[in-house]
Amino acid sequence: WGLDSSNLIGNLKAAFFGFQVGGVTISLSTIALAILFFVMGLGATRAVQNWLDTRYLPHTGLDIGLRNSIRTIFGYVGTIAAAMVALSHLGLSLEKLTLVAGALSVGIGFGLKSIVENFVSGLILLWERPIRVGDWIVIGTEQGTVKRINVRATEIETFDWASLIIPNAEFISGRVKNWMHADRTARIIIPVN
């Protein structure tokens, strides 16, 4: 077939130990190590989140909403740090990614507008904390207790035990009544004929 065994071994060596593309050495071993570093970083992040959630934060006296915010923000920071370590091991610096990021930003701006809007709104909810986990809120015609604030949406448990998933952008751009924002005491008016 026109193949030489020395060429085959040389090609396998180049694939495993690396070849140059635009000043970056790409090899299977480097990619495998970068994936390993990323998985180890994610594992360490999840372990610290679990430790914060079960051991440290319950003894601090902070309310459950602030504990959830701290845990979630630490998860974001840990994931970004793990990705940066993995990319730096591959030899990709931020300067080399700017062209790709510029091209992707146009696609993100048009195609993923609502996802990015909900993600940024979720970060604002975690940072400013206009609503917290455990708050009794009314949004539109629905009301219930906030159970979880995620990246894209917030989960509310209604009083008939149904889960209501609301995109985070609705909390930032819409009107929300929070019965427990300033005080944990609430008042209900019951009309009596």
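Quick notes
- Multiplying the residue separation of R152 and S88 by 0.36 nm and removing their Cα-Cα distance gives an extension gain of 20.2 nm.
- 5 angstrom amide H check on L164, placed H, neighbours 5+ away: I156, E157, T158
- Averaging over all projection directions, the Cα-based convex hull of region 143-193 occupies 4.9 nm² in the image plane.
- Translational D in µm²/s for region 114-170 (Stokes-Einstein at 20 °C, 1.002 mPa s, Kirkwood Rh from C-alpha pairs): 191
- Linear extension gain, R175 paired with F110, 0.36 nm per residue minus alpha-carbon span: 20.8 nm
- Convex hull volume of region 24-81 per residue (C-alpha atoms, cubic angstrom): 61
- Heavy-atom accessible surface of region 112-193: percent carbon and sulfur, 1.4 Å: 57
- Take each peptide in 125-134, 112-121, 52-61, count the other Cβ atoms within 10 Å of every residue, and average; sorted highest first, the result is 125-134, 112-121, 52-61.
The values are calculated or read from the model by the stated rules, or taken from the named source; none is laboratory data. Keep in mind it's a predicted model, so treat the numbers as computed, not measured. Every residue, glycine as well, gets a Cβ built from its backbone with ideal geometry; the counts of neighbours run over all protein chains shown. Areas reflect the complete protein model, heavy atoms only, side chains present, ligands, DNA and RNA absent. Shrake-Rupley method; radii C 1.70, N 1.55, O 1.52, S 1.80 Å.
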